[in-house]
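Reading through the structure tokens given below for one structure.
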Amino acid sequence: MTDLPLHRSPAARRTACALGLACALGATAQPAVPADEPTTDDLAAVLAQPVYGSSRLGAASKRDEDLATAPGAAVVRTGGEILAQGYRTLGEVLESMPGVHLRYDRAYSYVGLRGITRPGDYTSRLLVLVDGVRANDALYESASMDREFPIDVSLIDRVEFIPGPGSALYGSNAVAGVVNVITRSPSQLAGAQAGLAVGSERQRRLTASWGGTLGAGRLLLGAATEHRAGGTLHYAEYATEDNPRGRVQGQDGERADKLFAKLQQGGLSLSLAVSQRRKELPTGAYDATFGTPAPWTDSYVTLGAAYTRSLGPEAALDVLLNHSRYGFDSTALYGDDGDFYSRNRNDARWLGGELRWRWSGLAGHRITLGVEGQRNYRQRIDLDNLEAGEPSAATFSGTAHRMGLYANDEWTLRPGLQLTLGLRTDRRTDGSNGLSPRLGASWAATPAWTFKWLTGQAYREPNFSELYYEDEVQRRPQALRVEALRSNELVVLWRPAEAWQWQAAVHRTRMSRVIELVSEDDGRLVYTNRGGVHAAGADVEASWVSRRGMQLRASVSWQRAHDAQTGADLSNAPHRLAKLALTAPLPLLPGLGLGLNAVHVGERRTLAGATVGAYLRLNGRLRWAPPGSPWEGSVTLYNLLDRAYDDPAGPEHRQDRLQQDGRSWQLQIGRRF
């Protein structure tokens with residue numbers, strides 16, 4: 001039995017969970033609220049947050065701005081909507097947004113953005129920030145979407161998504177989009193709260209939080225633990241005489257434990273995130289012996305500090321520092337008889353920092369200048385094998401650093417007309433230099449109509465695993481170049497009234513030197529710059545909020561992503577997406593509310609060239625929070641129509657498609673003290 005390509009291990013890739021890093025920077029991007037300053041960020045305000053309205057973006061230009069003027073087709077989901085709809089993970093929040101679809105392989109969820117997703121791509125073309133700070137990890141540069149994400153969704157204030165190239169501000173990985181997760185402040189979760197949930201597959205979930213005063217500052221503490229035993233699955237590819245349906249039971253469980261702390265005092269914010277997620281793999285991925293235990297564990301510890309200082313009415317200085325560590329550990333048996341044992345251990349540690357100066361002293365200009373750096377002082381992958389009693393080991397280790405300088409100017413030429421000019425130069429981890437420009441324009445033709453145009457370039461560096469990992473199955477690439485992207489986008493925004501919003505975006509993308517995992521003539525795998533990818537499409541989203549608090553939002557996306565050389569559609573790239581979300585108070589009882597959300601994903605090609613059928617999935621939550629009562633409760637049904645559907649499998653699976661979950665339920669109760 002030969003060694004398996006470690007970096008192909010989704011867990012490893014998911015290492016991306018460096019999100020922990022982001023977590024660490026919890027309060028970074030937003031200036032902290034002084035402890036003695038009045039605030040309306042109490043719990044009631046959080047729960048009443050609209051789908052649109054007062055929501056603001058910080059990721060688009062590294063400063064707060066309204067959705068209407070933010071470059072690109074910016075989208076926000078608030079903490080109130082996350083609670084009302086029962087979203088369980090960051091991936092589910094993103095899935096509600098135009099142009100986004102998920103693929104779940106029983107290990108992690110992977111994000112497709114406007115049809116762009118490739119084999120060996122573990123969401124490394126999406127940059128995830130937490131409170132404005134980079135969260136992609138130091139080994140696989142991937143982004144975490146599932147329960148391994150170190151921040152519990154109950155602690156999220158809002159999620160901002162800006163599709164399109166973002167390297168002009170953020171450097172590598174900001175290729176197909178930038179996501180900024182804003183955590184709640186201590187004032188938003190004042191006092192003590194606790195929650196208990198039970199559900200399908202013997203799910204048990206406990207959450208607790210406390211927000212209050214600590215000396216002259218404000219402190220937030222949050223903890224969550226979740227355990228799910230998992231159900232019974234069937235994979236015909238593993239059928240035998242003794243197991244004719246390829247049945248596996250008790251091998252899909254997981255446990256996730258998380259701790260988060262944020263301290264704010266004046267302009268200083270400190271944060272700490274600690275998390276660990278253990279997931280059993282039932283699919284036999286990477287040729288693991290089917291039906292035997294194969295646990296994968298992702299661990300994070302991140303510490304961050306952010307300081308914002310006003311330099312007068314026209315200038316401010318932000319200083320961000322973070323220290324993060326990610327660990328991955330997996331064990332599995334291989335071979336038909338399970339006579340080959342392998343253990344995979346990864347360790348990444350890095351330091352990051354950013355100095356940002358914001359100035360509006362020149363009439364009509366809002367200028368942001370910054371320098372950002374990251375030192376990966378430990379990058380290590382260990383693979384230990386034991387076959388026929390003979391041990392063997394392989395170690396891949398190294399260090400790297402990168403630094404970027406950027407400038408961004410939001411230039412108001414006249415009332416209603418604004419240009420966005422951005423440029424970043426980076427010293428990359430391989431020692432090369434690169435420029436990332438962007439140019440945008442926003443024209444408020446009338447108080448209701450806004451037109452936006454954006455063009456830009458972005459890039460993704462080969463990650464540590466892609467560059468250096470090799471074994472008997474996979475060889476090290478001879479030369480792997482930086483992946484590049486060019487994009488153009490036109491956005492139309494219509495706000496005829498406070499309650500209504502309609503946004504449409506038409507986009508076109510050209511990618512070159514696409515990094516992809518391919519099989520060579522001798523059967524060995526290698527990462528290579530395979531060629532080009534072209535993508536084009538349109539997204540339309542409309543929302544309405546009634547005077548009685550009902551919120552309705554719908555979106556439709558048309559997209560096509562294809563190989564630039566052959567013209568063939570990419571795998572796992574649906575042509576159509578449709579989303580619907582309804583949040584409504586019910587007149588039956590005071591405090592009773594209904595949340596419904598539906599996701600339609602069109603047909604997709606698998607790696608083998610087959611077709612995975614389209615599906616419609618509907619989720620519903622009934623929540624009761626009586627006014628004046630400290631108690632609340634909810635019941636949620638996921639896939640309530642019990643529709644059967646599949647996702648395309650990755651190259652690490654024997655299966656070409658993987659069946660997804662049917663109907664499941666969750667019952668939750670909570671109390672404020």
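The values are calculated or read from the model by the stated rules, or taken from the named source; none is laboratory data. Predicted model only: the values in this text are computed from it and were never measured. All Cβ positions, even for glycine, are placed from backbone atoms using ideal geometry, and neighbour counts span all protein chains on display. Just so you know, the surface numbers come from the protein's heavy atoms only, side chains and all, with ligands and any DNA or RNA stripped out. Shrake-Rupley method; radii C 1.70, N 1.55, O 1.52, S 1.80 Å.
Is it the case, given these coordinates, that residue 189 is within 30 Å of residue 482 (Cα to Cα), surrounded by 24 or more Cβ atoms within 10 Å (Cβ to Cβ) and more than 13 Å from the chain's Cα centre (by Cα)? Steps first, please.
On the way: within 30 Å of residue 482 (Cα to Cα): no; surrounded by 24 or more Cβ atoms within 10 Å (Cβ to Cβ): yes; more than 13 Å from the chain's Cα centre (by Cα): yes.
No: the conditions fail for residue 189.
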Determine which member of the set 405, 351, 355, 369 is closer than 16 Å to residue 141 by Cα, of a type in the set (A, V, I, L, M, F, W, C), within 27 Å of the chain's Cα centre (by Cα) and surrounded by fewer than 18 Cβ atoms within 10 Å (Cβ to Cβ). 351
Extreme residue, modelled with the highest pLDDT, among residues of the stretch 379-402 that are touching an Asp or Glu at 6+ places or on another chain (Cβ under 9 Å) and surrounded by fewer than 16 Cβ atoms within 10 Å (Cβ to Cβ): 397
Does residue 508 qualify as being among the charged types (D, E, K, R), farther than 17 Å from residue 113 by Cβ and either open to solvent by 50 Å² or more (accessible area, probe 1.4 Å) or modelled with pLDDT of 90 or more (or both)? no
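Okay, residues lined up against (1) among the aliphatic types (A, V, I, L, M); (2) touching a Ser or Thr at 6+ places or on another chain (Cβ under 9 Å); (3) surrounded by 15 or more Cβ atoms within 10 Å (Cβ to Cβ):
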| residue | (1), (2), (3) |
| --- | --- |
| 199 | no, yes, yes |
| 210 | no, no, yes |
| 246 | no, yes, yes |
| 252 | no, yes, yes |
| 256 | yes, yes, yes |
| 281 | yes, yes, yes |
When the stretch 541-557 is examined, which residues are found to be crowded, with 17+ Cβ neighbours inside 10 Å and within 22 Å of the chain's Cα centre (by Cα)? 541, 553, 555, 556, 557
Scanning for something of a type outside the set (A, V, I, L, M) and over 30 Å from residue 533 (Cβ atoms), does the stretch 642-653 turn up at least one residue? yes
Of the residues in the stretch 292-306 that are surrounded by 20 or more Cβ atoms within 10 Å (Cβ to Cβ) and more than 30 Å from residue 320 (Cα to Cα), the one that is modelled with the highest pLDDT is 296
Report yes if residue 577 is surrounded by 17 or more Cβ atoms within 10 Å (Cβ to Cβ), hydrophobic (A, V, I, L, M, F, W, C) and either on the phi > 0 side of the Ramachandran plot or modelled with pLDDT of 95 or more (or both), otherwise no. yes
Determine, yes or no, whether residue 524 is within 25 Å of residue 607 (Cβ to Cβ) and open to solvent by less than 40 Å² (accessible area, probe 1.4 Å). no
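Does residue 548 qualify as being closer than 30 Å to residue 462 by Cα, touching a Pro at 6+ places or on another chain (Cβ under 8 Å) and either modelled with pLDDT under 90 or of a type outside the set (Ser, Thr, Tyr) (or both)?
no
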Tell me, which strands (runs of 3 or more DSSP E) wholly within the stretch 221-289 include 2 or more residues that are touching a His at 6+ places or on another chain (Cβ under 6 Å)? none
Exactly one of 563, 521 is free of Cβ contacts under 8 Å to residues at least 24 places away in the same chain, farther than 20 Å from residue 660 by Cβ and not aliphatic (A, V, I, L, M), and that residue is 521
Please identify the pairs in which a residue from the stretch 109-138 that is of a type in the set (Phe, Trp, Tyr) has its Cβ atom under 6 Å from the Cβ atom of a residue that is open to solvent by 10 Å² or more (accessible area, probe 1.4 Å) and part of a strand (DSSP E or B), counting only partners at least 6 apart or on another chain. 110/103
From 224, 138, residue being at pLDDT below 95, within 23 Å of the chain's Cα centre (by Cα) and crowded, with 21+ Cβ neighbours inside 10 Å: 138
Yes or no: the stretch 101-121 includes at least one residue that is surrounded by fewer than 24 Cβ atoms within 10 Å (Cβ to Cβ) and of a type in the set (A, V, I, L, M). yes
Can you tell which of 397, 442, 392, 465 is closer than 30 Å to residue 352 by Cα, polar (S, T, N, Q) and part of a strand (DSSP E or B)? 397
When residues of the stretch 482-498 are filtered for being outside any strand (DSSP E or B) and buried (at least 16 other Cβ atoms within 10 Å of the Cβ), how many remain? 2
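Do we have residue 651 as open to solvent by 30 Å² or more (accessible area, probe 1.4 Å), touching a helix residue (DSSP H, G or I) at 6+ places or on another chain (Cβ under 9 Å) and assigned to a loop (DSSP other than H, G, I, E, B) here?
So residue 651 fits the description; yes.
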Give me a count of the residues in the stretch 627-653 that are over 26 Å from residue 203 (Cα atoms) and either polar (S, T, N, Q) or touching a Gly at 6+ places or on another chain (Cβ under 6 Å) (or both). 2
At pLDDT below 90, touching a Pro at 6+ places or on another chain (Cβ under 6 Å) and closer than 16 Å to residue 165 by Cα, is that true of residue 70? no
Which of the residues spanning the stretch 106-120 are part of a loop (DSSP other than H, G, I, E, B) and among the hydroxyl-bearing types (Ser, Thr, Tyr)? 108, 117
Can you find a residue that is open to solvent by 20 Å² or more (accessible area, probe 1.4 Å) and farther than 30 Å from residue 417 by Cα anywhere in the stretch 310-322? yes
Consider only pairs whose beta carbons are under 9 Å apart and that are at least six residues apart or on different chains; among these, list those whose first residue lies in the stretch 61-87 and is open to solvent by less than 10 Å² (accessible area, probe 1.4 Å) and whose second residue is in a loop (DSSP other than H, G, I, E, B) and of a type in the set (Lys, Arg). 79/184
